[in-house]
Amino acid sequence: MDAKAVPLFECSGINKSFSGTQVLFDVGFAIKAGEFLGVIGENGSGKSTTMNIIGGILRPDSGEMRLNGDAYVPTQPNDAMEAGIGFIHQELNIFGNMSVADNMMIGRYPRRWEKLPFINHRAKRLATAEALKRVGLDVSPDAPCWSLAPGERQLLEIAKVVSQNPRMIIFDEPTTSLTEPECRRLFEVIADLQAQGIGIVYISHVLSDVQRLSDRIVVLRDGHAVKSTATRDLTRDGIVEAMVGRPVSQLYPDVPPLGERRPVIEVQGLTQPRVLKDVSFSIAAGEVLGVAGLMGSGRSELARILFGLDPHDGTGTISYEGAPFDPSPRDCVSKRMAFLTEDRRHEGLLLTQSLTTNLELVHLSGAGSGAHVPVDRKQQVSNAEDVAHRLRIKARDLVRLPAKSLSGGNQQKVVLGKWLVDAPRLFILDEPTRGIDVGAKEEIYRVIAELAGQGLAVMLISSELEELAGLSHRIMVMSRGMNVGVFERQDGGFDRAAIMARATAADVEAA
Amino acid sequence: MVSDTTVPPRKQGYRVLIARLLSEPAFTVIGLLVVYTLAVTAAVPGFLGAGTLSAIFISLLPLLIAVIGQSFVMIVAGIDLSVTATMGLTSVIAGSVMTANGGYLADSALAVPVGIFCFLFFGALVGLFNGLCVAFIRMPPFIVTLATMMFVSGAAVLYSSWHTTSVSIGGLPSGFTRIGYGTIGPIAFALILTVLVVVAADFGLRRTTWGRWLFAIGNNPTAALISGVPVRAVQVSAYTLCGTCAGLSAMIYSARLETGTPVLSQNLLLDIIGSAVIGGVSLFGGRGSVLAAFLGVLLLTVIDKGMQFIGLTLFVVLSVKGAIILLAAVLDALRLRYAEGKS
Amino acid sequence: MKTLTQRLSNPRLLDLVPVVLMLLVAVFFSAATDSFATWANVKNILLQSSHLAILALGASLVLLVAGVDLSVGATMYVAAALIGVFMPGAPVLIWLLAGCGIGLVLGAINAFFVVRVRVAAFIVTLSMLFLLRGVGLWISDTKMVFAAPHLLEMSRASFLGIPVPILLAGLSLVFVHLLLSGTPFGRSVYAIGDDPEGARRAGIPVERVTFMLFVLCGGFAGLSGVVLMSQIAAASSTFGQEKEFMAIAAAVLGGTSLFGGRGNAFGPVFGAILMQTVQNGLVLMDTDPYLYPLITGAVIFIVVLIDTLRNQLSERLGRSPIRVEA
């Protein structure tokens, strides 16, 4: 058989369901040796699930995968690596308490004597140094990993995968915590790997990177592979339309007009060592301020500092409703600030408690509450019913059913809803639509626009530029802890290309 | 994505039953109680008499108070291993104040009120210290309270060695010892005290904002913090109340023994934590009630008394109780796993 | 790429704390008593701390994966009582092996509940503490169990010029050191302690390794029980009581973290010697014996406090900072 006719890797007809909800529908694509395949899609489109299936972390319900034409059926992560598929997770697998060499060789230490389980430390160091050289990482094999910078950790992870001679490497959002020179180095390494015939599967939110580097692009939307096309045949608009799946105007509600400008929160020169630098902005009543930026740009950290969740011991001032304000979560809640966390399971929900208990929590902690205050249960239940009705939370029982029994979208509505019992005046939303389906997204968008129309100030943080563009009055772009520009809504919306260019600041253009 | 990596097992027949039983520890406890009582009665017919039962009931009162205190801490996903040491310390301090044999307030009218105050105050003080360490320095609860336990029990022994040559401080005034077995009208004084604690704790846990905060923190401390719950203050309050309850419990025990002694509650730690866990107060936090504490205490006390009734030796009792708490913890872990399996 | 602040806040600086403490303690007692700084006393301290060193080595294995074993004291008692009652005349080597064996079995019971049933380690081992104490009392019938004369001889004998208890502690040290630093098993212990989920993703058999660590911890406890019994000639009903706290304190004092992933074989031994040194000094100074538990409690508290602060510091450093342009 002609080697060129057989793709390096191909999958087809992959289906996957979680708890009865199908998340992947007949997903399939192929990649040739040395090819750079970009995989894009919105949050919750099924990118990670697909990659986890290829990486042997999840098993598909149906479908087949072939590696060099042979059936490939991984049952655990090690199977993937042994077959030659390396996976570099967004969440790096680096043990900070161990040395570079230990991290590199864990699970496959060279032995001193064949029959005895003793490590050959010399061979371990040599092999590590060799692997580090391949990716151009200049650190000592004996250096402890906690001392490495994020970019060095990323390269170490790549070196670890590369040293096992993979035929294909999956990168999941590799640039999220990298600085610009580190990104450039990463791309050089990837180009080098391509030249060696290694197939690259590259998942990223940074469309410009994907467009510039990839040979082909696969677009996933709601669990379907909706497009698989050579990159040169795609325009930016074409990609975005494929990701969103419909003209943007249908998904997003009308942005309510802004009246007289009355600032709710004003931030002046906010600086926090190693996190934020001289960030200034304000949000007016009724305004939606979008915050764009890559992960690690400081956008979530800004939100957490504003809500008193992360310490602020640097300089700069925050004033809220005209008065200077030193935030703590408790003050924020009593002053009617609201915060929707990006991690609803770990920071948002009381998973094993009922919806009423979840929905009443903010109200019970807000202004005029106290430890001694008796809980009026009838009132709480009726409050919960109101909110559930308003947000169209689909649940059979608000009093007995635990929050974890809901679907992702309804869970997110509960986290959102607990802030709506007492009308908030400023709402900080950190990735409000992460991992939920388009229907729930649409409803959350509707609620955001509705609240803004009622005079609520909204700070909307998202890695989906489309979402920001569809909902915001203005978009603030963050990069490396700084506010690097604010874009106003024009008649035709926002200049997305300019925003993206500013967010990825100089790396693309300068390279 | 992360949320959906486990596929829930399909539940069938017996699994539904197991899940149901696990989710309602009260059924298990009552069931065990009935079976055990019948078994002991079969072996020693006198067990089910009114005398034995009322003796069991009267004897479990101070334990119940201590277990309620422990429950507060366990609901916020903490643990207080220092309670028994705290009980010993408050006992010797109060004893040294009240004793007729050279106490600070010997034969004074203030002796008893000040003594009672000492029980509550020093109990609260140790609890406060634990709470501050856990909430503000974020030290792991079990190890902080372990260190406190060693220190406090050492302090109790040292302190009593300053006041008496024997192990314990005797000569407590009769006005105090009456708390132990005395009655007001037909009702035992200790019973009144316990009922007050039970009612207050139940109201606090189920009807007040404070109670909601405790459960929210035990369930998800970060979510509670973001929702505006004063997490640290509530944690400190839980530990402080636990210490106070320990002091109150020590008061009844000391009155019953008519001595202030550092070894007041040796081996009681197991009973306290064991009762709470058996009753269904979760070691993982976010779950517990006064009823659970009561059922746990009842079961453990009945088992204890039953074994004594049969005539088993102390060390067998110790082993059996160790096994029971282990069993309860296993059930607790299974309960959590079943609860999470449904997500 | 390291900044100055990163260098200064290097968590390893805190590792020097026990060394400094040891120096302070040694200087203080040398000045306060005549008999402290003598060879005889140093040897005495080492002899007295051998059993604790062995125990702390075991405890630290479990601590390395953020577990804990509170049942080691009771395990010591069961081991001593079982052998003392049923086979007092056995040769010394059998005593030692049987002690280890009993400990390994009891450790496996702990391991089963912690790893297979997934019950919190401290509650499993806390109930085992009471359960095993009861079993020990049952075996010994609450009577004093005496060590056979040849066992006493062992504790006073020397091999190659090294007193046997010290030799046993030394062998345990070598074993744990080789295990932790020289074998893939040992390295995986650190990975699990740092990030169990990450370790699982990296293909490490997390359950199996954790199981083995609890088993080993029990084994060391059994051995320690035999060593201590040979030194104090008998096991009373309180034999080994509160040793679990001493062992954890020694391990943490020697730099083993309660939060897992940090520590080595030498730390716990050093910590055990330090704790014994304090006790020895206090005895020589003729202080009130009622003070000892107070001081031990305070030492544990301070050590845990330092460990907590160190853990928070390294957590903060470990979080990848956002690069702000200077």
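If you check every pair at least six apart or on different chains, which have Cβ atoms under 7 Å apart with a residue in the stretch A:478-499 that is closer than 26 Å to A:Pro257 by Cβ first and a residue that is open to solvent by 70 Å² or more (accessible area, probe 1.4 Å) second?
A:Gly485/A:Arg502; A:Phe487/A:Asp495
I'd like to verify a number: residues in the stretch B:228-250 that are in a helix (DSSP H, G or I) and open to solvent by 10 Å² or more (accessible area, probe 1.4 Å), how many?
Qualifying residue count, the stretch B:228-250: 11.
Tell me, which helices (runs of 4 or more DSSP H) lie completely within the stretch A:203-284 with 2 or more residues that are open to solvent by less than 40 Å² (accessible area, probe 1.4 Å)?
In the stretch A:203-284, A:207-213, A:236-244 are the helices (runs of 4 or more DSSP H) which contain 2 or more residues that are open to solvent by less than 40 Å² (accessible area, probe 1.4 Å).
In the stretch A:327-346, which residues are free of Cβ contacts under 8 Å to residues at least 24 places away in the same chain and open to solvent by less than 30 Å² (accessible area, probe 1.4 Å)?
A:Pro327, A:Pro329
Residue-wise test of (1) within 9 Å of chain C (Cβ to nearest Cβ); (2) open to solvent by 20 Å² or more (accessible area, probe 1.4 Å); (3) on the phi < 0 side of the Ramachandran plot.
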site: B:Ile252; (1), (2), (3): no, no, yes
site: B:Leu268; (1), (2), (3): no, yes, yes
site: B:Val277; (1), (2), (3): yes, no, yes
site: B:Phe294; (1), (2), (3): no, yes, yes
site: B:Val297; (1), (2), (3): no, no, yes
site: B:Leu327; (1), (2), (3): yes, yes, yes
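Could you list all residues from the stretch C:280-296 that are within 14 Å of chain B (Cβ to nearest Cβ) and without any contact (Cβ under 8 Å) to a residue 24 or more places away in the chain?
C:Leu282, C:Thr287, C:Asp288, C:Pro289, C:Tyr290, C:Leu291, C:Tyr292, C:Leu294, C:Ile295
Of everything in the stretch A:137-185, what is at pLDDT below 85, in a loop (DSSP other than H, G, I, E, B) and open to solvent by 40 Å² or more (accessible area, probe 1.4 Å)? Give them in sequence order.
Within the stretch A:137-185, just A:Ser177 meets the criteria.
Condition check ((1) in contact (Cβ under 8 Å) with a residue 40 or more places away in the chain; (2) touching a helix residue (DSSP H, G or I) at 6+ places or on another chain (Cβ under 7 Å); (3) within 30 Å of A:Gln412 (Cβ to Cβ)) across all residues:
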{"position": "B:Gly182", "(1), (2), (3)": "no, yes, no"}
{"position": "B:Arg212", "(1), (2), (3)": "no, yes, yes"}
{"position": "B:Ile217", "(1), (2), (3)": "yes, yes, yes"}
{"position": "B:Ala224", "(1), (2), (3)": "no, yes, yes"}
{"position": "B:Tyr239", "(1), (2), (3)": "yes, yes, no"}
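Testing C:Ala66 on (1) in a loop (DSSP other than H, G, I, E, B); (2) open to solvent by 30 Å² or more (accessible area, probe 1.4 Å); (3) in contact (Cβ under 8 Å) with a residue 12 or more places away in the chain; (4) more than 26 Å from C:Phe185 (Cβ to Cβ), one condition comes back false. Which one is that?
(4)
Any residue at all in the stretch C:233-244 that is within 14 Å of another protein chain (Cβ to nearest Cβ), basic (Lys, Arg) and either open to solvent by less than 20 Å² (accessible area, probe 1.4 Å) or more than 30 Å from C:Ala108 (Cα to Cα) (or both)?
So far as the stretch C:233-244 goes, no, none of its residues is within 14 Å of another protein chain (Cβ to nearest Cβ), basic (Lys, Arg) and either open to solvent by less than 20 Å² (accessible area, probe 1.4 Å) or more than 30 Å from C:Ala108 (Cα to Cα) (or both).
Looking at B:Ser319 and the list (1) open to solvent by less than 40 Å² (accessible area, probe 1.4 Å); (2) facing chain C (nearest Cβ under 8 Å); (3) touching a residue at least 24 places away in the same chain (Cβ under 8 Å), which single condition is not satisfied?
The failed condition is (3).
Being away from every other protein chain (no Cβ under 13 Å) and open to solvent by 20 Å² or more (accessible area, probe 1.4 Å): is that true of B:Phe284 here?
For B:Phe284, the condition - away from every other protein chain (no Cβ under 13 Å) and open to solvent by 20 Å² or more (accessible area, probe 1.4 Å) - is not met.
Limited to the stretch A:364-391, what total is found for residues that are within 9 Å of chain B (Cβ to nearest Cβ) and under 32 Å from the mean Cα position of the chain (by Cα)?
Here the count works out to 3.
Across the stretch A:87-126, what is the number of residues that are without any contact (Cβ under 8 Å) to a residue 60 or more places away in the chain, more than 10 Å from chain C (Cβ to nearest Cβ), surrounded by fewer than 20 Cβ atoms within 10 Å (Cβ to Cβ) and in contact with an Asp or Glu (Cβ under 9 Å, 6 or more places away or on another chain)?
1
Out of all the residues in the stretch A:297-319, is one or more open to solvent by 10 Å² or more (accessible area, probe 1.4 Å), of a type in the set (D, E, K, R), over 24 Å from the mean Cα position of the chain (by Cα) and at pLDDT 90 or above?
Scanning the stretch A:297-319 turns up no residue that is open to solvent by 10 Å² or more (accessible area, probe 1.4 Å), of a type in the set (D, E, K, R), over 24 Å from the mean Cα position of the chain (by Cα) and at pLDDT 90 or above.
Out of all the residues in the stretch A:412-457, which are touching a residue at least 40 places away in the same chain (Cβ under 8 Å), within 21 Å of the chain's Cα centre (by Cα) and open to solvent by 10 Å² or more (accessible area, probe 1.4 Å)?
A:Arg434, A:Gly435, A:Asp437, A:Val438, A:Glu442, A:Glu443
Which members of the stretch B:139-168 meet the condition of being more than 23 Å from the chain's Cα centre (by Cα) and open to solvent by less than 10 Å² (accessible area, probe 1.4 Å)?
Listed by number, the list holds a single entry, B:Ser160.
If a residue must be away from every other protein chain (no Cβ under 14 Å), part of a helix (DSSP H, G or I) and among the aliphatic types (A, V, I, L, M), how many such residues does the stretch C:155-193 contain?
Residues that pass the stated criteria total 8.
I want to confirm something. Restricting to the stretch C:255-308 and keeping residues that are outside any helix (DSSP H, G or I) and farther than 30 Å from C:Ala191 by Cβ, which single residue is most open to solvent (accessible area, probe 1.4 Å)?
C:Asp286
The values are calculated or read from the model by the stated rules, or taken from the named source; none is laboratory data. This structure is a prediction, so every number in the text was calculated from the model and none was measured. Don't worry about glycine lacking a Cβ; one is built from the backbone with ideal geometry, like all the others, and counts go over all protein chains shown. For the accessible areas, the whole protein counts, side chains as well, though only heavy atoms, and no ligand, DNA or RNA atoms are used. Shrake-Rupley method; radii C 1.70, N 1.55, O 1.52, S 1.80 Å.
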